Amino acid sequence: MNRLRVWIALAVSVAPLIAAWGQLPPPVPKEKRGRTDAERSGFHDANNIRTIFWNYGMVGDYPRDPINVDLSVFHSVEVPKGSGLNYSDGITPFVLAKIHITPTDSFYIMETGYRERQQQHPRLPIDMRYEPRPGYFEADPTINRGRSPAISNDPRTWPRT
Amino acid sequence: MFDDFYDRRYDYAGAARAIGDYEFGAVVAGVDFTRFRQKTNSFVGKASLTSQVTREHQAKVGVEFQYAVVQFGTPGTLTYKGDSLYRYVDAPPDYPGVQTYQPISLAAYAQDQVEWNDLTIRAGLRFEYFDARGSLPSDLKNPANAIQGAPTSLTRRTTKKVSYAPRIGVSYPITETSSIFFSYGHFYQLPPIGDIFRNSNYSILERIQAGTSNYGVLGNPDIKPERTVQYEFGYKNAITEFLGLNVNLFLKDIRDLLGVEFVETYNNAEYARLTNIDFGNVMGFTISLVQRQIGILSSTLEYTWQMAQGNSSDPNETATRAQAGEDPRPRQVPLNWDQRHTLNLTVQLSQAEDYALAAIVRFGSGQPYTPEIGSGFGAAIEKNSGRKPNGLLVDLRAEKSFSLFGVGMSFFARVFNLFNASYFNGDVFASTGSPTYSTTPAKDRNRLADPTRFYPPRRYEVGITMNSSF
């Protein structure tokens with residue numbers, strides 16, 4: 001009898017948790033999560049603006065060797081196109097979330113997709129930033145020769161499936 | 001820092017930390033986590049034979065063999081992130097441990113020196129073989145074979161490097177007091193084994209990301225030896241009994257100079273690796289006057305003019321332009337060590353087995369540097385288009401021989417850099433071409449505060465040398 005009471009009490013207490021779990025969106029399958037090897041860059045070239053962009057969340061860039069950079073090939077928000085005038089470093093959105101631990105206690109987490117000054121992974125030698133999910137561009141470099149993220153005016157960059 | 005990888009003081013101290021820009025970013029707390037091991041055991045065998053085969057022919061043959069066991073790497077990685085200290089002894093691909101390589105090299109040579117009447121001919125051939133016995137990814141754009149959708153990159157063995165280096169030299173007297181000579185030869189030189197194998201495990205690039213540079217310059221066990229083809233022509237003349245003149249003209253064609261290339265992976269990340277990318281050539285002449293001792297005075301004067309140029313093409317620019325089907329624009333610029341004028345003067349006052357007093361004067365014209373205008377994008381102008389200031393150094397050496405208790409001894413005194421020159425083709429600021437000031441002092445403040453950028457100041461050495469052996 002006592003054992004039955006314990007089971008009933010347990011079921012009553014766990015039921016709300018199960019209900020809440022059911023309301024959560026299903027997690028993204030592991031093979032479809034963002035990954036570093038899906039990073040690609042492309043060029044936006046329209047409306048008299050020319051710029052590199054990265055599918056990990058950054059528009060524009062900063063050259064590896066800024067003093068010796070060749071502005072005929074490096075374009076970061078170049079306006080007007082062909083002028084060599086680059087108006088920006090990389091641009092990325094900051095996503096900030098407030099997490100409530102208890103009704104009176106909370107903390108903030110922020111993530112972005114930038115080229116530097118990111119939090120390092122606790123154990124791995126990688127930056128923790130947004131990473132692109134695979135399947136949204138053509139990964140085969142023999143087809144997508146520019147190795148670009150999908151862009152509307154270049155069918156070679158579109159994913160086959 | 002500590003011998004024991006598990007030393008608890010690593011945990012107490014934490015990683016090296018700086019506080020903002022305090023004291024130019026100096027480390028104020030923590031300890032250095034870097035741990036590195038390099039150990040080389042070499043088994044070397046050499047044999048040579050010299051024989052005066054006939055009255056005119058002297059032959060030399062020889063062989064050298066080397067088998068090395070080389071260990072490189074990190075005997076344990078410490079990463080202290082957040083509140084926890086992680087230790088990895090050998091956890092590839094991210095934290096590989098010490099790697100072992102076993103390269104083999106072999107060399108053999110044969111030379112014949114012919115002395116026929118007044119003509120001297122020296123001809124030879126050197127054979128060199130090097131097998132790094134290492135491996136590399138077959139597709140450098142997919143270095144760890146971890147990029148989804150990219151062509152498979154398998155591990156391939158490094159190739160064996162075989163080279164043949166012929167050499168010939170001829171000298172011939174043209175008058176009673178003068179002679180000419182010329183020589184032609186191929187020379188091969190492998191970079192130090194340390195440079196070849198250091199950081200040459202490409203599997204660490206499994207998680208490479210764009211825009212990050214966490215991996216340093218990767219080694220390359222498949223590197224080719226630098227090849228120099230050298231031509232030399234010389235003239236010697238005894239102007240008087242005490243004065244000799246030498247004139248040398250030289251031309252060197254250098255291929256496969258070592259350099260660093262940037263490889264762009266299929267996910268548009270970049271890593272740097274050691275490779276053969278550059279070529280160069282050196283041409284010039286040397287004129288020297290040698291004055292044999294007259295009384296107590298002897299002297300030599302030597303002047304060299306040379307021009308050393310090599311290709312210069314930003315690998316990144318080259319790749320981008322090549323992809324676009326455009327000319328990669330290689331161009332010749334002065335190499336870093338292109339010192340056009342060199343003058344050495346030595347004057348010596350000496351009495352054999354008594355004393356010697358010598359002054360050595362060295363003059364060098366400025367080597368190239370890449371000037372900058374401002375500090376923004378594209379501030380640098382053409383590579384190595386600027387010239388550093390000229391430099392002059394004077395050294396003095398004195399020696400006095402004496403005997404003490406039957407033991408031959410000498411007292412010596414030396415003064416290096418007599419005039420306390422602070423510069424001799426050292427570091428200069430790109431904005432000014434000067435070693436002393438910069439037009440961007442805020443950006444260069446660490447270098448401005450670093451006295452090691454100057455040439456070492458005047459130095460005195462005194463001592464006693466015992467000449468006898470016991």
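Coordinate-derived values only; no laboratory data. Every value quoted in this text rests on a predicted model; they were computed, and no experiment measured them. Note that we place each Cβ from the backbone using ideal geometry, even for glycine, and neighbour counts take in every protein chain shown.
Dipole magnitude for the protein assembly as shown: computed about the Cα centre from +1 point charges on Lys and Arg Cβ and -1 point charges on Asp and Glu Cβ, it is near 1300 debye.
Computed 3J(HN,Hα) for region A:103-109, one whole-Hz value per residue from the Karplus formula 6.51 cos²θ - 1.76 cosθ + 1.60 where θ = phi - 60°, is x, 10, 10, 8, 8, 10, 10, glycine and proline marked x. Rounded to the nearest 500, the 222 nm mean residue ellipticity of chain B from helices alone is -1000 deg cm²/dmol, with -39,500 (n - 2.57) taken per DSSP H run of at least 4 residues.
Under the combined filter of DSSP loop state and at most 10 neighbouring Cβ atoms within 10 Å, region A:93-130 retains these trypsin sites (Lys or Arg not before Pro): A:Arg117.
For peptide B:143-150, the mean count of partner chain Cβ atoms within 10 Å of a residue's Cβ comes to 5. Among B:Ile121, B:Ile147, sorting on how many other beta-carbon atoms sit within 10 Å of each Cβ, with the fewest leading, yields B:Ile121, B:Ile147.
Here region A:7-78 is treated with +1 on each Lys and Arg Cβ and -1 on each Asp and Glu Cβ, and its dipole about the Cα centre works out to around 440 debye.
Within region B:134-169, list the residues whose amide N lies under 17 Å from a label point set 7 Å along Cα→Cβ of A:Arg156. Backbone N within reach: B:150-151. Taking the longest Cα principal axis of chain A as reference, the axis of helix A:2-23 is set at about 20 degrees. The fewest-to-most ranking of A:Phe107, B:Phe250 by surrounding Cβ atoms within 10 Å reads A:Phe107, B:Phe250. Here each label is just a point 7 Å from Cα along the line to Cβ, and for B:Tyr303 and B:Gln189 those points are 2.7 nm apart. Ranked for footprinting exposure by Cβ neighbours inside 10 Å, fewest first, B:Val28, A:Val59 give B:Val28, A:Val59. Pairs from the list A:Lys32/A:Lys81; B:Lys39/B:Lys252; B:Lys60/B:Lys236; B:Lys46/B:Lys236; B:Lys141/B:Lys388; B:Lys252/B:Lys383 with a Cα-Cα gap above 32 Å: A:Lys32/A:Lys81; B:Lys39/B:Lys252; B:Lys46/B:Lys236; B:Lys141/B:Lys388.
FRET efficiency for the pair B:Met466 and B:Val63, taken as 1/(1 + (r/R0)^6) with r the Cβ-Cβ distance and R0 = 45 Å, rounds to 0.70.
For B:Ser84 and B:Phe24, the FRET efficiency from 1/(1 + (r/R0)^6), where r spans their Cβ atoms and R0 equals 35 Å, is about 0.70. In region B:66-220, a dipole from Cβ-located charges (positive for Lys and Arg, negative for Asp and Glu) runs towards its positive end, and of B:Gly216, B:Pro166, B:Phe182 it is B:Gly216 whose Cα lies farthest in that direction.
Positive-end ranking of A:Val95, A:Pro26, A:Ser41 along the dipole of region A:26-126, with charges on Cβ about the Cα centre, is headed by A:Pro26.
Amide H contacts of B:Lys224 (H built 1.01 Å from N, in plane; Pro and chain starts excluded): B:Asn276 sit under 5 Å, all sequence-distant by 5 or more or on other chains. The residues packed around A:Arg133, meaning those with a beta-carbon under 13 Å from its beta-carbon, carry a net charge of +1 if Lys and Arg are +1 and Asp and Glu are -1.
Calculated FRET efficiency, A:Tyr108 to B:Asn311, Cβ-Cβ distance, R0 = 41 Å: about 0.20 to the nearest 0.05. When only the Cβ of Lys, Arg, Asp and Glu is charged (+1, +1, -1, -1), the dipole of region B:111-232 relative to its Cα centre reaches about 740 debye. Taken along the Cα-to-beta-carbon direction at a fixed 7 Å, the label points for B:Tyr355 and A:Asp89 span 6.6 nm. Extension gain, B:Leu404-B:Ala442: 0.36 nm per intervening residue step, less the Cα-Cα distance, totals 7.7 nm. A DSSP coil position with no more than 13 other Cβ atoms inside 10 Å describes the following GluC sites (Glu not before Pro) in region B:179-270: B:Glu241. Hey, quick one: spin label on B:Gln332, modelled 7 Å out along Cα-Cβ, who in region B:193-231 has an amide N within reach, i.e. under 17 Å? It comes to B:228-231, nothing else. Candidates B:Gln52, B:Gln38, B:Val89 compared by Cα position along the dipole of region B:1-96: farthest toward the positive end lies B:Gln52, with charges placed on Cβ.
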